[in-house]
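Notes follow once the structure below has been shown.
The values are calculated or read from the model by the stated rules, or taken from the named source; none is laboratory data. Only a predicted model underlies this, so the values are computations on that prediction, with no experimental measurement involved. Quick reminder, even Gly has a Cβ in these numbers, built from the backbone with ideal geometry, and neighbours come from all protein chains shown.
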Amino acid sequence: MITIISPINGTKYNYNDIIYFNISTAAVASNVTYMINNNGTYYYMTNISTLNWSNQISDLIGGNYTVTFYATDDVGNMVNASAYFYLTYAKNIIVNKNIESVGVNSYRINLNITNNGNYTNYILHDFVDLNFTYYNLSLPVTNSSNISGVIYSGVILKWDLILNPYASSIITYNINGTSDYKLGNNFIIGSE
């Protein structure tokens with residue numbers, strides 16, 4: 001019999017975590033291996049005692065995984081046990097903001113978004129100064145919030161994005177400056 005100490009079924013790991021595999025056997029095992037997602041490749045575990053075995057991995061990408069452990073004794077009897085875990089995807093997004101003049105006091109905002117990782121769900125925030133009005137959005141905002149502060153006041157535009165791994169997208173919209181405006185007060189707040 002195999003008792004899986006780690007990973008515990010259903011554990012969620014962050015994309016950069018080292019994942020420790022640790023099992024114990026009810027009887028002395030001559031070797032213990034494991035396979036991930038039935039991919040056909042067996043990996044040997046290190047025995048830390050005659051009944052305890054361990055290993056660690058850190059090179060998996062985000063996704064759902066099932067690890068199956070196989071223990072064999074000296075006469076060839078084999079037992080196995082499985083556990084599943086989830087590894088979050090790395091968020092690796094690049095956002096470039098370009099502002100181009102399209103007329104008197106009028107500008108086009110281009111948000112160029114590139115997903116350089118495997119994660120697909122992102123939130124993008126952009127700030128529009130209170131001395132500007134925005135319109136002609138190529139993608140409707142998920143939400144907008146008015147803020148008023150000592151240095152900056154205006155509107156935070158929020159988009160919930162689904163962007164395939166290693167894909168790019170562009171969000172465009174226009175702004176018109178009114179009163180005494182500063183173009184540099186329109187900036188990307190961030191992405192998550």
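Summary of computed values
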read-out	value
Test for Asn39: is it over 13 Å from Ile2 (Cβ atoms), assigned to a loop (DSSP other than H, G, I, E, B) and free of Cβ contacts under 8 Å to residues at least 24 places away in the same chain	yes
Answer from Tyr42, Tyr107 - the residue that is in the same structural domain as Asn164 (by TED's automatic domain parsing), at pLDDT 90 or above and of a type in the set (Ser, Thr, Tyr)	Tyr107
Close pairs from segment 135-154: first over 16 Å from Ser169 (Cα atoms), partner not in a strand (DSSP E or B), Cβ under 6 Å, at least 6 apart	Ser153/Leu130; Gly154/Leu130
Only listed residue being modelled with pLDDT under 85 and part of a strand (DSSP E or B), chosen from Gly154, Gly190, Gly184	Gly190
Options Ser82, Ser49: the member that is out of contact with any Gly (no Cβ under 9 Å at 6 or more places or on another chain), part of a loop (DSSP other than H, G, I, E, B) and of a type in the set (Ser, Thr, Tyr)	Ser49
Subset of segment 98-116 (residues that are crowded, with 18+ Cβ neighbours inside 10 Å and either part of a loop (DSSP other than H, G, I, E, B) or among the aliphatic types (A, V, I, L, M) (or both))	Ile109, Leu111, Ile113
Residues being in contact with a strand residue (DSSP E or B) (Cβ under 6 Å, 6 or more places away or on another chain) and loosely packed, with under 11 Cβ neighbours inside 10 Å - total across segment 146-161	1
Single residue of Lys91, Lys97 found to be in contact (Cβ under 8 Å) with a residue 60 or more places away in the chain, in contact with an Asp or Glu (Cβ under 9 Å, 6 or more places away or on another chain) and within 30 Å of Tyr34 (Cβ to Cβ)	Lys91
Among the residues listed as Asn174, Asn143, Asn136, Asn121, the single one being loosely packed, with under 11 Cβ neighbours inside 10 Å and either within 23 Å of Asn92 (Cα to Cα) or modelled with pLDDT of 90 or more (or both)	Asn136
Which listed residue, of Leu137, Leu60, is in a loop (DSSP other than H, G, I, E, B) and closer than 30 Å to Met1 by Cβ	Leu60
The listed residue being part of a strand (DSSP E or B), of a type outside the set (Gly, Ala, Ser) and buried (at least 16 other Cβ atoms within 10 Å of the Cβ), out of Thr33, Thr3	Thr33
